[in-house]
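Engineer: Below you will find the structure I want to go over with you.
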Amino acid sequence: MTASIDHTHAPDLRSWVESANHPDTDFPIQNLPYGVFCSPGNATARIGVAIGDQVLDLAACEDAGLLEGVAAATACTRPVLNELMALQASDRTALRHRLVELLGEGVADEARAQVEGALLPGADVEMLLPAEIGDYTDFYASVHHATNVGSMMRPDNPLLPNYKYVVIGYHGRASSVVVSGTQVKRPSGQRKAVDADAPEFGPSRLLDYELEVGMFVGPGNTLGEPVTMADAEDHLFGLCLVNDWSARDVQVWEYQPLGPFLGKSFTTSVSPWVITLDALAPFRCPAYARPDGDPQPLAHLDSDDNRARGGIELTLEVWIQSQRMRDEGFEPVRLSRGSFSDLYWTVAQMIAHHTSNGCNLRPGDLLASGTVSGADKGSRGCLLELSWRGTEPIELPTGEELKFLQDGDELIMGGFCERDGFARVGFGECRGIILPAS
Ligand code: CA
């Protein structure tokens, strides 16, 4: 079941936290994403909720008795979100309702004073990884990305025949997932020039980013028990932004026959705030409309509900600022703008497919969508596609030619949902700056 719309989505709902009522904020009272933070005065990792430019400390709320009677209260005092993610969707919705009461304009003066004591300016806190990530799986759900990349690798056979049946993915490396703002060291690896007899080892020359959407698993499933399409979204806690940094020269040499490995596993960045499925309820849309001639999904990956509202209308953007742009005072420039609704497969289909062999997902596992690219050139989600493998460089305001990432480049990803009649819900940012290879 997809989450439903209730009073917490009303567009006229306002918070007494004034910055949460600004039309451009990513974090109005209708959003309430979860993250993990520490602060200069208190190095303990604790769970927070973003509200306007403030962060609400949930452990402090529980200490003050503000979460009394809420089933999720104990989980709110942990140093990571895993226990909160493991709760049933109804318990998470009940917590959301309590937070809306506490942060809404109608709250009683006494409770408001207590909540004020648990608020910290967002600028003063350090965000940490939101969960202990046991496993990380990266999908390949954009048919446009798969076709573009395939046509560079295999011009005669760009899209392999399994693509429209199987939700393609690979198992990524959980240990190297880092939170936004962590610096990214250029990896070294084996790379082989097309006309060379043998590879050499050295710093990647074709470093790239991939714009993706991350999905944090909620309640897990028992080993051997697949999750059906009807139940799939009950196993999903929320979404974030993911940058799947990619060393293309390493990747192209190593990927056959077993798929991506060291070209991907050096670093993956995630945005710190996890946007709940509850917050995204107003922005659901039909699953990708398959063109005539494409097969329909097999029955275990199909449902009426998924066809009607399995998609999410989420706009995604990528910005870059090179070292020289910073030095010369240029603001970051936008490289692309795409939509999560352009993906061939939905979040429910990713979960149903992942578990269809009985594989168990656990709370806090991270699934990523694969590069989000649309049909238009301006919506391509990585440099490999945008610069067409370096043959169509992008000109930066300094006159620099961008083909792949240079040391000192900073990548900034953002995302937001907008729909008439609802408050805008934003994802915050996923940032990373490239350091030289060691
Ligand atoms: Ca990827």
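Please treat every number below as a calculation from the coordinates, not as lab data. Being a predicted model, the structure only gives us computed values, none of them experimental. In this analysis, Cβ positions are derived from the backbone assuming ideal geometry, glycine residues included, and neighbour counts consider all displayed protein chains.
Engineer: Taking K185 as the anchor, which lysines have their alpha carbon closer than 16 Å to its alpha carbon, excluding any fewer than eight residues away along the same chain?
Structural biologist: Leaving aside lysines fewer than 8 places away in the same chain, those within reach of K185 are K264.
Engineer: Relative contact order for region 317-425: what percent, with Cα pairs under 8 Å and sequence separation of 6 or more? Walk me through the intermediate numbers first.
Structural biologist: On the way: 130 pairs, mean separation 35.1, N = 109.
32 percent.
Engineer: Evaluate E = 1/(1 + (r/R0)^6) for H97 and V333, where r is the Cβ-Cβ distance and R0 equals 41 Å; express this FRET efficiency to the nearest 0.05. Could you put the intermediate results ahead of the total?
Structural biologist: Working: r = 41 Å, r/R0 = 1.00.
Once rounded, the FRET efficiency stands at 0.50.
Engineer: Moving on to the next point. Which residue, P397, P40, P121, has the most motion in a Gaussian network model of the chain that connects Cα atoms within less than 10 Å?
Structural biologist: Highest fluctuation among the options: P40.
Engineer: Over all alpha-carbon pairs of region 335-438, lay out the pair-distance distribution in 5 Å bins, whole %, shortest bin first.
Structural biologist: Percent of pairs per bin, in order: 2, 9, 13, 18, 18, 15, 12, 8, 3, 1, 0.
Engineer: Based on Cβ point charges of +1 for Lys and Arg and -1 for Asp and Glu, what charge dipole magnitude is obtained for the chain about its Cα centre, in debye rounded to the nearest 20?
Structural biologist: Details: 33 positive and 61 negative charges, 199 e Å.
That gives a dipole near 960 debye.
Engineer: Residues with amide H under 5 Å of L335's amide H, sequence separation 5 or more or different chain, H placed in the peptide plane at 1.01 Å from N; which?
Structural biologist: Answer set, sorted by chain and number: V318, W319, I320.
Engineer: How big, in percent, is the set of alpha carbon pairs in region 290-374 lying more than 15 Å apart?
Structural biologist: Working: 2506 of 3570 pairs.
Distances greater than 15 Å cover 70 percent of the Cα pairs.
Engineer: Suppose every Lys and Arg Cβ carries +1 and every Asp and Glu Cβ carries -1, with no other charges. What dipole size does region 96-143 come out with about its Cα centre, to the nearest 20 debye? Spell out each step's value before the answer.
Structural biologist: On the way: 3 positive and 10 negative charges, 34 e Å.
Magnitude of the dipole: close to 160 debye.
Engineer: Please enumerate, by chain and number, the aspartates and glutamates with C-alpha under 16 Å from the C-alpha of K192, excluding those fewer than 8 residues away in the same chain.
Structural biologist: Filter leaves E200, D249, E254.
Engineer: Something else: Kindly provide the helix-only [θ] at 222 nm of the chain, computed as the sum of -39,500 (n - 2.57) over DSSP H runs of four or more divided by all residues, to the nearest 500 deg cm²/dmol? Don't jump to the answer; show the numbers that get you there.
Structural biologist: Numbers: 11 runs with 80 residues, N = 438.
So the helix-based figure for the chain works out to -4500 deg cm²/dmol.
Engineer: Sticking with this structure for a sec: Just the Cα atoms of the chain, one point each, no solvent: what log10 I(q)/I(0) does Debye give at q = 0.09, 0.11 Å⁻¹?
Structural biologist: Those come out to -0.56, -0.84, one per q.
Engineer: Moving to a separate point now. Between region 408-438 and region 116-187, how far is it from one alpha carbon centroid to the other, in angstrom?
Structural biologist: Cα centroid of region 408-438 versus Cα centroid of region 116-187: 13 Å apart.
Engineer: Among residues other than E401 whose Cβ falls under 11 Å from its Cβ, what is the net charge (Lys/Arg +1, Asp/Glu -1)? Could the numbers behind the result be given before it?
Structural biologist: Details: positive: K403; negative: E392, E395, E400.
Surrounding charge for E401 is -2.
Engineer: Taking θ = phi - 60°, what integer Hz values does the Karplus form 6.51 cos²θ - 1.76 cosθ + 1.60 yield along region 59-74, in sequence order, with x for Gly and Pro?
Structural biologist: With the stated coefficients, region 59-74 comes to 5, 5, 4, 5, 4, 7, x, 6, 9, 4, x, 8, 4, 7, 4, 5 Hz.
Engineer: Using Cα-only point scatterers and the Debye equation, what is log10 of I(q)/I(0) for region 20-61 at each q in 0.23, 0.33, 0.34 Å⁻¹, rounded to two decimals?
Structural biologist: -0.73, -1.11, -1.15
Engineer: If you take every DSSP beta bridge whose two residues both sit in the chain, what share of them, in percent to the nearest 5, is antiparallel? Please list the in-between numbers first.
Structural biologist: On the way: 64 of 72 bridges.
Antiparallel: roughly 90 percent of the beta bridges in the chain.
Engineer: Starting from the 7 Å offset along Cα-to-Cβ, what nm value, one decimal, do you get for the label separation of K192 and D63?
Structural biologist: Simple spin-label model gives 5.9 nm for this pair.
Engineer: Need the list of aspartates and glutamates near K164 for cross-linking: C-alpha distance under 19 angstrom, and skip anything on the same chain fewer than eight residues off.
Structural biologist: The reachable aspartates and glutamates, counting only those whose Cα sits under 19 Å from K164, are D138, D156, D292, D294, D302, D304, D342.
Engineer: Just to be sure I understand: if I project the alpha-carbon convex hull of region 153-289 onto a plane and average over all orientations, what area do I get in nm²?
Structural biologist: Details: hull surface 46.4 nm².
About 11.6 nm², averaged over all directions.
Engineer: On to the next question. Count charges around F416 for me, please; just the other residues with Cβ under 9 Å from its Cβ, Lys/Arg as +1, Asp/Glu as -1. Display every interim value, and only then the final one.
Structural biologist: On the way: positive: R424; negative: D26, E317, E418.
For residues surrounding F416, the net value is -2.
Engineer: Consider just the alpha-carbon atoms of region 360-416 and return their Rg together with their Dmax, both in angstrom.
Structural biologist: Radius of gyration, then largest Cα-Cα span, for region 360-416: 15.1, 50 Å.
Engineer: Assuming 1.567 mPa s and 4 °C, estimate D for region 37-160 with Stokes-Einstein, Rh taken as the Kirkwood radius over Cα pairs, in µm²/s. Walk me through the intermediate numbers first.
Structural biologist: Numbers: Rh = 17.1 Å.
Once the numbers are plugged in, D ends up at 76 µm²/s.
Engineer: Compute a Gaussian network model of the chain, connecting alpha carbons closer than 10 Å, and tell me which residue from I412, I394, I275 fluctuates the most.
Structural biologist: Looking only at I412, I394, I275, the largest GNM fluctuation is found for I394.
Engineer: Under 13 Å from the Cβ of S303, count the other residues' Cβ atoms, weight Lys and Arg +1, Asp and Glu -1, and hand me the total.
Structural biologist: Net charge around S303: -3.
Engineer: Order of H235, H22 from fewest to most other C-beta atoms within 10 Å? All intermediate terms of the calculation are to be shown ahead of the outcome.
Structural biologist: Working: H235 24, H22 13.
The fewest-first ordering by Cβ neighbours comes to H22, H235.
Engineer: Can you sort Y140, Y255 by how many other beta carbons sit within 10 Å, fewest first? Numbers along the way, then the final one.
Structural biologist: Numbers: Y140 23, Y255 15.
Neighbour counts put them in this order, fewest first: Y255, Y140.
Engineer: In whole angstrom, how far apart do the alpha carbon centroids of region 268-303 and region 1-76 sit?
Structural biologist: Cα centroid of region 268-303 versus Cα centroid of region 1-76: 25 Å apart.
Engineer: Right, next: Neighbour counts of other C-beta atoms within 10 Å: give me S303, S188 arranged from fewest to most.
Structural biologist: Fewest to most other Cβ atoms nearby, the residues stand as S188, S303.
Engineer: Follow-up. For the chain, what does the relative contact order come out to in percent, with C-alpha contacts under 8 Å and a separation of six or more?
Structural biologist: Details: 1062 pairs, mean separation 93.6, N = 438.
After rounding, I find 21 percent.
Engineer: Over region 159-238, what is the relative contact order in percent, taking alpha-carbon pairs closer than 8 angstrom and at least six residues apart?
Structural biologist: Values: 48 pairs, mean separation 15.0, N = 80.
Normalised by residue count, the contact order of region 159-238 is 19 percent.
Engineer: Each residue of region 352-359 in turn: what ³J(HN,Hα) in whole Hz from Karplus with 6.51, -1.76, 1.60 and θ = phi - 60°, glycine and Pro shown as x?
Structural biologist: 5, 5, 4, 9, 5, 9, x, 4
Engineer: At 7 Å along the Cα-to-beta-carbon direction for both A113 and Q406, put a label point, then send me their distance in nm to one decimal.
Structural biologist: Taking the two extended label points, one gets 5.8 nm.
Engineer: For a label point 7 angstrom out from the Cα of D302 toward its Cβ, which stretches of region 133-175 have the backbone nitrogen within less than 13 Å?
Structural biologist: 165
Engineer: For region 114-163, what are the per-bin percents of Cα-Cα distances with bins 10 Å wide, up to the bin holding the maximum?
Structural biologist: Result, from short to long distances: 18, 24, 15, 20, 14, 8, 1 percent.
Engineer: Of the residues S246, S175, S151, which exhibits the maximal mean-square fluctuation in a Gaussian network model of the chain defined by a 10 Å Cα contact cut-off?
Structural biologist: In this elastic network of the chain, the residue with the biggest mean-square fluctuation among S246, S175, S151 is S151.
Engineer: Next question, about the same structure. Starting from a Cα-only point model with no solvent, please compute log10 I(q)/I(0) by Debye for region 213-324 at q = 0.10, 0.18 1/Å.
Structural biologist: -0.47, -1.21
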